[in-house]
Amino acid sequence: MRKNNKSFSFKPFSEKQRRLMNWWREGSPHADCNMVIADGAVRSGKTIAMICGFFLWSFDTFKGKHETFILAGKTIGALKKNVIAPALSIFDAWGRKYHYVSSGDEARIEVGGNVYYLYDAHNERSRERLQGLTAAGALADEVALFPRSFVEQMIARCSVDGAKLWLNCNPESPAHFVKAELIDKAEQKNIYVLHFRMEDNLALSEKVRQFFRNAFTGVFYRRFILGEWALTDGLVYQDFADDPASYTITEIPRIQYATIGVDFGGTGSAHSFTLTGFTPGYESVVILAEYYHSNKDGRALNPDQLQNAFVEFVREARKKFNVYEAFCDSAEQTLIRGLQGAVSRAGIAIDVRNARKGPINDRIMFYNSLIAQGRFFIHSSCKNTIKAMCEAVYNSKNKTEDERLDDGSTNIDSLDSMEYSTESVQAEIIYLGMR
């Protein structure tokens, strides 16, 4: 049996949180529902209330019955951070003994004879692990990020008499299947829907609420602050495009260190390098310099030309700033090895490595958040990057996904290299901004 070093410190629950925790109890008008969906704003307290409610329900309803349950997150890492870690602390506060197996295909929590298995839902194949399972219930964290096939398989697996599903999420597109097929059809499908705002989290101070209000703009404000299922439409970086002069500088502030992002272009696109600087304490992110070469119209560079251009770019960058890392498009391993060899032969000590290439929408949200907070700037010499920020648009033909248009009509290459240069530290930058 396991015990944490620190049990959960409970704060007063709001009325909305108490409703989420207790909707299943006898006497509740929603007790006969087989699913609850808690959607709405970030930091609104829905996750903690759902964890408490889900486990109280499973302990009470299936006490001594040795049933199996599903705990699902977009990734196992996200599930452990958002659900498992607080759940174990809550168990300690409740005095509940448990056994936790944290890794492997059989990762699980065992409590009082019930077994709660951990699942990731990061791609279409994730549903295969659910096949053949018979479950008494499920908790799905950030379910709007799951593939539809996983959600449908998860629902089908919960076939034990009395099973209930607990789903939470932040809003996405109004055409998303969670909205269109579950929330909008809640009455006919016997689903209880609870909509959360930040005000429903009594543990959140007004100062913290105001930070989050200031951290998002446009569609992200509507989704993460107002809790609306809002459609992306038009410009990706609306605030920047409306007033690029407010984010363009001619004098460089003090830069603690800088990184380089590299995007390789094919015959119909461009090679792009972006030098990005970070002020002390990650107070601001500054695009310092760029390289852009279009490969269109037979102007493609050969490998030697590309390597020479990169070496020269790195040399110029290191004359002014502390630059130790370059993050490259991982799809082009041959070209990356060429750059690694070129800087080595030139005697330049820089680590040329693969970019993380996480979800594009995470990168978009990161830069929109920086823009909203007044923490993002571009040097006036970076004409291609400024133009790319002003012209980036969403794909109007795809209403069900937040998809940045990438059909050659706009400069995606400068945006990719810019994003690669900050991906490794974007979580720390946002966290320090919160503090």
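The values are calculated or read from the model by the stated rules, or taken from the named source; none is laboratory data. Bear in mind the structure is a predicted one, so any value in this text is a computation, not a measurement. Positions of Cβ are generated from backbone atoms using ideal geometry, with glycine treated the same way; all protein chains shown enter the neighbour counts.
Okay, residues lined up against (1) surrounded by fewer than 18 Cβ atoms within 10 Å (Cβ to Cβ); (2) assigned to a helix (DSSP H, G or I):
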position	(1), (2)
271	no, no
309	yes, yes
313	no, yes
317	no, yes
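Selection over segment 118-144 of residues that are in a loop (DSSP other than H, G, I, E, B) and within 24 Å of residue 57 (Cβ to Cβ) gives a count of 7.
For segment 1-117, list the strands (runs of 3 or more DSSP E) that sit wholly inside it and hold at least 3 residues that are surrounded by 15 or more Cβ atoms within 10 Å (Cβ to Cβ); which are they? It comes to 35-40, 68-73, 108-111. When the residues of segment 85-140 are filtered to those that are of a type in the set (Asp, Glu) and free of Cβ contacts under 8 Å to residues at least 24 places away in the same chain, the one that is farthest from residue 66 (Cα to Cα) is 128. Can you name the number of the only condition in (1) in the same structural domain as residue 407 (by TED's automatic domain parsing); (2) polar (S, T, N, Q); (3) free of Cβ contacts under 8 Å to residues at least 40 places away in the same chain that residue 210 fails? Among (1) in the same structural domain as residue 407 (by TED's automatic domain parsing); (2) polar (S, T, N, Q); (3) free of Cβ contacts under 8 Å to residues at least 40 places away in the same chain, the lone unmet condition for residue 210 is (1).
Just the residues that are assigned to a helix (DSSP H, G or I) and not small (Gly, Ala, Ser), please, taken from segment 145-162. Passing the criteria: 145, 148, 150, 151, 152, 153, 154, 155, 157. Surrounded by 14 or more Cβ atoms within 10 Å (Cβ to Cβ), assigned by TED's automatic domain parsing to the domain that holds residue 410 and assigned to a strand (DSSP E or B): is that true of residue 265 in this structure? Here the answer is no, as residue 265 does not meet what is asked. Checking each residue in segment 355-402 for being out of contact with any Phe, Trp or Tyr (no Cβ under 8 Å at 6 or more places or on another chain), of a type in the set (Gly, Ala, Ser) and either buried (at least 20 other Cβ atoms within 10 Å of the Cβ) or within 19 Å of residue 172 (Cα to Cα) (or both) picks out 358, 388, 396.
Does residue 203 satisfy the condition of being within 22 Å of the chain's Cα centre (by Cα), of a type in the set (A, V, I, L, M) and at pLDDT below 95? The answer is no for residue 203. Of the residues that make up segment 343-352, is at least one in the same structural domain as residue 259 (by TED's automatic domain parsing), within 27 Å of the chain's Cα centre (by Cα), in contact (Cβ under 8 Å) with a residue 24 or more places away in the chain and surrounded by 15 or more Cβ atoms within 10 Å (Cβ to Cβ)? The answer is yes; a qualifying residue exists. Taken over segment 296-326, the criterion of being touching a Ser or Thr at 6+ places or on another chain (Cβ under 6 Å) and either in contact (Cβ under 8 Å) with a residue 60 or more places away in the chain or of a type in the set (D, E, K, R) (or both) is satisfied by 325 alone.
The listed residues are 19, 25, and the only one of them that is touching a residue at least 60 places away in the same chain (Cβ under 8 Å), among the basic types (Lys, Arg) and more than 21 Å from residue 156 (Cβ to Cβ) turns out to be 19.
Residues in segment 231-255 that are more than 17 Å from the chain's Cα centre (by Cα) and farther than 23 Å from residue 284 by Cβ: 3 in all.
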